[in-house]
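Notes to accompany the following structure.
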Amino acid sequence: VEEWRILPEAKDAVAALEQAANYLKTSDTPVAFPTETVYGLGADATRSGSVKGIYAAKGRPSDNPLIVHVADLHMLRELLGKERDDEEAIPSRYRTLIDRFWPGPLTILLPNPQPSKLAPEVTAGLTTFGARMPSSPLALSLIKLAGVPLAAPSANASTKPSPTAAQHVKDDLDGRIEIILDGGPCQVGVESTVVDGLCEPPVVLRPGGIGLEELRSCPGWENVVKAYKDHSEEGKAAPRAPGMKYKHYSPKARVVLYESTYKDGFDGVLPSDIGVTGATENGNAQKTNGHSPKRIGVIRTQRWKSGAGLECGALQPAPVDSDAHDDEYLNPAYQVYKGDLKNNQGEVIGELFDIDLGQDTKRIAQGLFSALRELDRRNIDTIFVDGIEGELDIAAAVMNRLRKAASEIRS
Ligand code: TXA
Ligand code: MG
């Protein structure tokens, strides 16, 4: 992998961006680039060969459509088969959203004209395409310099948590792509909100960086409804039967999610009804790292305050491994703490690794994927996560991703 590190202060940022842009125009291998949500794996959305390269690099099924990233509204109007200055080109329903949230973490569905400038692989056979204007200056510059819209999914290997740092991309795609633009950690940390305003009422297809409450405050979007499953439909049957999990956003470790409705937290004592011998119990060998003593990870948020009720003894800062990229892995750079894991007889049966993402919902979103990846890197068997409340803001996106990552949900 030829890596160009162009932030925070590299002088040759422009040269690096130009090189990446030229590469995008001619190569069929995608380029990883930062956005404010997560890192994307970009290709020229107008060339089939280029877009096919994305599916090949990610190992992603090609029936899942890609988001088209544009640098400005001129570019988008042309994709709609209209003049670049045609103010009426974009369906008027979207005007308030575009004014308020673009550039930013919002994807809108638009009709794909026939004939279309987009390669057919972008839309996976649908009559619509998803478009977004990212706010990351690097992403915008890259699209502008390439002069073409970029189709880009998240730059993770299919099924892994989305990457929020360049190193995450490298871990997943090393050897499969040649260029990763490193723009530092992503500010939002979860993907864009996907909305469909072509139907009545308009719907949210995927919760993300923009919450329902913000959407509903825009004229024309007061009665937008959720078209994704939230807790009430999805998490009811708890704990969810092992093996029934979605293969999505998953670390290697097994994830046990405690919904905010669950009365007890995790106190450092291994719950006797949690089968941490996971390999045999869930019949899913790769979901445990299979060694003894047990290694448990805890991702703490609003309820499981650091230290509160923890019976695992004093938590010590856990030294980072000797890998070169330790300092850039967790984003923001949370401290990982370490303590004893006990069974309910009080015997030490393993090690506990603890990450506190804090109370602030935005910061929890920002750190979520990197925390899952950080614990995976430490060969954890099972990760216990403290779920958060709220379906109106970015908490909805956090819980949506966690429910998909979890093999067990306690509610
Ligand atoms: O924040 C993001 O959106 C990131 C960054 C890189 O921009 N991208 C991203 O892409 O998350 P991806 O491919 O991982 O997710 C795209 C989502 C999928 O849920 C897909 O089903 C939906 O957008 N999508 C795209 N086009 C669609 C369409 N025409 N109709 C319905 N859903 C669509
Ligand atoms: Mg993705």
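The values are calculated or read from the model by the stated rules, or taken from the named source; none is laboratory data. Because the structure is a prediction, the values reported are computed rather than measured. FYI the Cβ positions are ideal-geometry reconstructions off the backbone, even for glycines, and counts take in every protein chain you see.
Could you pull out the residue among ILE143, ILE98 that is touching a residue at least 60 places away in the same chain (Cβ under 8 Å), away from ligand 2 (no atom under 16 Å from the Cβ) and of a type outside the set (S, T, N, Q)? Full working, then the answer.
Working: ILE98 fails: touching a residue at least 60 places away in the same chain (Cβ under 8 Å).
Just a single option satisfies the conditions, and that option is ILE143.
Is it fair to say ASP172 is within 16 Å of ligand 2 (Cβ to nearest atom) and either surrounded by fewer than 23 Cβ atoms within 10 Å (Cβ to Cβ) or part of a helix (DSSP H, G or I) (or both)? Walk me through it before giving the result.
Numbers: within 16 Å of ligand 2 (Cβ to nearest atom): yes; either surrounded by fewer than 23 Cβ atoms within 10 Å (Cβ to Cβ) or part of a helix (DSSP H, G or I) (or both): yes.
Yes.
Conditions (1) under 29 Å from ILE180 (Cβ atoms); (2) buried (at least 24 other Cβ atoms within 10 Å of the Cβ); (3) over 23 Å from the mean Cα position of the chain (by Cα), marked per residue:
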site: SER92; (1), (2), (3): no, no, yes
site: ILE98; (1), (2), (3): no, no, no
site: ALA124; (1), (2), (3): yes, no, no
site: PHE129; (1), (2), (3): yes, yes, no
site: PRO153; (1), (2), (3): yes, no, no
site: ALA157; (1), (2), (3): yes, no, no
site: SER162; (1), (2), (3): yes, yes, no
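So if I check each of THR35, THR96, which one is hydroxyl-bearing (Ser, Thr, Tyr) and within 13 Å of ligand 1 (Cβ to nearest atom)? If you could, list the steps in order and put the result at the bottom.
Working: THR96 fails: within 13 Å of ligand 1 (Cβ to nearest atom).
The conditions single out THR35.
In the range 99-129, how many residues are assigned to a strand (DSSP E or B) and in contact with a helix residue (DSSP H, G or I) (Cβ under 9 Å, 6 or more places away or on another chain)? Please lay out each step first, then the result.
First pass over the range 99-129, keeping only residues assigned to a strand (DSSP E or B): 106-111, 128-129.
Right, trim to in contact with a helix residue (DSSP H, G or I) (Cβ under 9 Å, 6 or more places away or on another chain) and you get 106, 108, 110, 129.
Residues in the range 99-129 being assigned to a strand (DSSP E or B) and in contact with a helix residue (DSSP H, G or I) (Cβ under 9 Å, 6 or more places away or on another chain): 4 in total.
More than 19 Å from the chain's Cα centre (by Cα) and modelled with pLDDT of 80 or more, is that true of ARG300? Can you show your working first?
Numbers: more than 19 Å from the chain's Cα centre (by Cα): no; modelled with pLDDT of 80 or more: yes.
The answer is no for ARG300.
Taking PRO202 as meeting all but one of (1) crowded, with 21+ Cβ neighbours inside 10 Å; (2) within 11 Å of ligand 1 (Cβ to nearest atom); (3) not aliphatic (A, V, I, L, M), write down the number of the exception.
(2)
Considering only strands (runs of 3 or more DSSP E) fully contained in the range 175-225, which possess at least 1 residues that are modelled with pLDDT under 95?
Working: elements: 179-182, 193-196, 203-206.
The strands (runs of 3 or more DSSP E) meeting that bar are 179-182.
Taking the stated definitions as given, is ALA89 of a type in the set (Gly, Ala, Ser), touching an Asp or Glu at 6+ places or on another chain (Cβ under 8 Å) and modelled with pLDDT under 95?
Values: of a type in the set (Gly, Ala, Ser): yes; touching an Asp or Glu at 6+ places or on another chain (Cβ under 8 Å): yes; modelled with pLDDT under 95: no.
Considered against the rule, which asks whether it is of a type in the set (Gly, Ala, Ser), touching an Asp or Glu at 6+ places or on another chain (Cβ under 8 Å) and modelled with pLDDT under 95, ALA89 comes out as no.
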